[in-house]
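**Q** I have a structure I would like to understand better, so I am pasting it below and will then ask my questions one at a time.
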Amino acid sequence: MSTNQRENERREKQNQKIRKKQRIMWIIIIAVIIVLVVMKLFELDFSSVGKVISGTEEGIVSSVTQDSYPVTLTSSKNIAFGSMAGNVYALTDLDFNVINSSSGEVRLNYEHRLANPVIDVDGGYALLFDQGGTTYSLHTPSETVYTDKADNAILCGAVSQTGAVALATTSDSAKTTIKIYSKSLDEKFSFDVSYGYVTAIAVDSRGTRVAFAAVNSDSAKLKTVVYTMNISDDEPRGEFEYVASSVVDLQFNSSSVYVVGDDFVSVISSLKKERTVFEQGSINLVSYCYDTSNRLVLAYADYQGAVNDSVAVVKPSGKVASECKELPEIKALTASSSTVSILSGNELISYKASDFEEKQRLIVFETYADIQQMSSKIFVRYQSFVDVADNADNN
């Protein structure tokens, strides 16, 4: 097999990962529409149905007990891998695990029994929910705070550093209903979205501001509208339209909101003003994460099928703090406030975040699925194991 052919195949696999979230969301939306049509045809009671979607805190890892790694998981299927208040978490198709990064002790093992598990982490809280189902739960690194059920199918969700949870669900009265609950499950906010189905949502660190992206069709083209609100508002403060581009993620950084699209990036400040970082259609999203300062770290290609990737660190002001082009094809990306690390083929490469001067290069196993930077250590996820990079490669 030629080198170009291998590169094209790897690129296609990466593109499939980026598109996975969008495909799942559209499957759910189409299924919801079909169900609603069938229920309407048979005049069923709508209200009787549905009674039965990367953390930013790095923490300090002063030392790692090498003998305690690798940590063995119950499943080899990697759903999500990241950091949570100084711990490492691994979400599989069977359970949610929180691992003490220093000792390797499993602090929490939660068997979720979700058909399509999705996680959102902020600070010391993790929201786990069944995208397309109704079950969701809130966790700290050491315990499950609660498990509950939504009234309708969950489209997406987000959690704040205070434990406030935002859920976007299908609705009996509109396309989507958004609700925000406190850690004690008191309802703090409710808003019906009539425009379309919500595919991405974010809350700020205090759980007092919300941003969400709703999708609909306009003149035979898909159009996404991002709305921003305070939870005390009756109507959105800002509306931002994107035609023929998909919004992959929304993330607050103080009063700013990162809007990550499949082919663009922008930042909304004070809920009202948008600054474009990369114009629509100017990039092809490869991967992204948020560093320990909650800055966006973006991996992108200039066009579909490009041989090389680029990485940019984006400030909440919308300015690019640093950027590096002509990097090798990126399989996974992770970052702290001072270091950006990429997984490429059988290499794990770390750079200074300020100027992308190379700091370290390790030869690793090609079975590595994901990486997570914590202080000077990089934790890796491969097969059914969580390990430390330099430790794993000496085994």
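**Q** May I ask you to rank Y89, Y195, Y146 by accessible area, largest first, using a 1.4 Å probe over the protein chains only?
**A** Largest to smallest exposure gives the sequence Y195, Y146, Y89.
**Q** Which of the trypsin sites (Lys or Arg not before Pro) found in segment 62-168 are loop residues per DSSP with 14 or fewer other Cβ atoms within 10 Å of their Cβ?
**A** Those satisfying the criteria are K77, R113.
**Q** Are there chymotrypsin sites (Phe, Trp or Tyr not before Pro) in segment 260-327 that DSSP marks as loop and that have at most 11 other Cβ atoms within 10 Å, and which are they?
**A** Those satisfying the criteria are Y303.
**Q** Among S102, S354, what's the order by accessible area (1.4 angstrom probe), most exposed first?
**A** S354, S102
**Q** Apply the Karplus curve 6.51 cos²θ - 1.76 cosθ + 1.60, θ = phi - 60°, to the phi angles in segment 149-156 and return the couplings in whole Hz, x for Gly and Pro.
**A** Using θ = phi - 60°, the values come out as 10, 7, 6, 9, 5, 7, 8, 7 Hz.
**Q** Multiply the residue separation of T74 and V106 by 0.36 nm, subtract the distance between their alpha-carbon atoms, and state the gained length in nm to one decimal.
**A** 10.3 nm
**Q** Where only protein heavy atoms count, and the probe is 1.4 Å, what is the accessible area per residue for segment 287-328 in Å²?
**A** Using a 1.4 Å probe on heavy atoms only, each residue of segment 287-328 averages 39 Å².
**Q** Can you work out ³J(HN,Hα) from phi for every residue in segment 102-107, in order, using Karplus 6.51 cos²θ - 1.76 cosθ + 1.60 and θ = phi - 60°, giving whole Hz and x for Gly and Pro?
**A** Running phi through 6.51 cos²θ - 1.76 cosθ + 1.60 with θ = phi - 60° gives 7, 8, x, 6, 7, 7 Hz.
**Q** Quick check for you: which residues of segment 277-312 have the amide N under 16 Å from the point 7 Å beyond the Cα of S254 toward its beta carbon?
**A** 291-296
**Q** Additional query: How much length is gained on full extension from K272 to T367, taking 0.36 nm per residue of separation minus their Cα-Cα distance?
**A** Separation in residues times 0.36 nm, less the Cα-Cα distance, equals 29.8 nm.
**Q** With 32 Å as the limit, write out which pairs from K183/K272; K315/K359; K179/K273; K77/K377; K223/K352; K223/K359 have Cα-Cα distances beyond it, or answer none.
**A** Result: K223/K352; K223/K359 exceed 32 Å.
**Q** On full extension of the chain, what length is gained from A306 through D234, given 0.36 nm per residue of separation minus the C-alpha to C-alpha distance?
**A** Going from the current span to full extension adds 21.4 nm.
The values are calculated or read from the model by the stated rules, or taken from the named source; none is laboratory data. Just so it is clear, the model here is predicted, and its values are computed rather than measured. Please note: Cβ atoms are built from the backbone with ideal geometry, for glycine as well, and neighbour counts cover all protein chains shown. Just the protein is used for accessible areas: all its heavy atoms, side chains included, with ligands, DNA and RNA removed. Shrake-Rupley method; radii C 1.70, N 1.55, O 1.52, S 1.80 Å.
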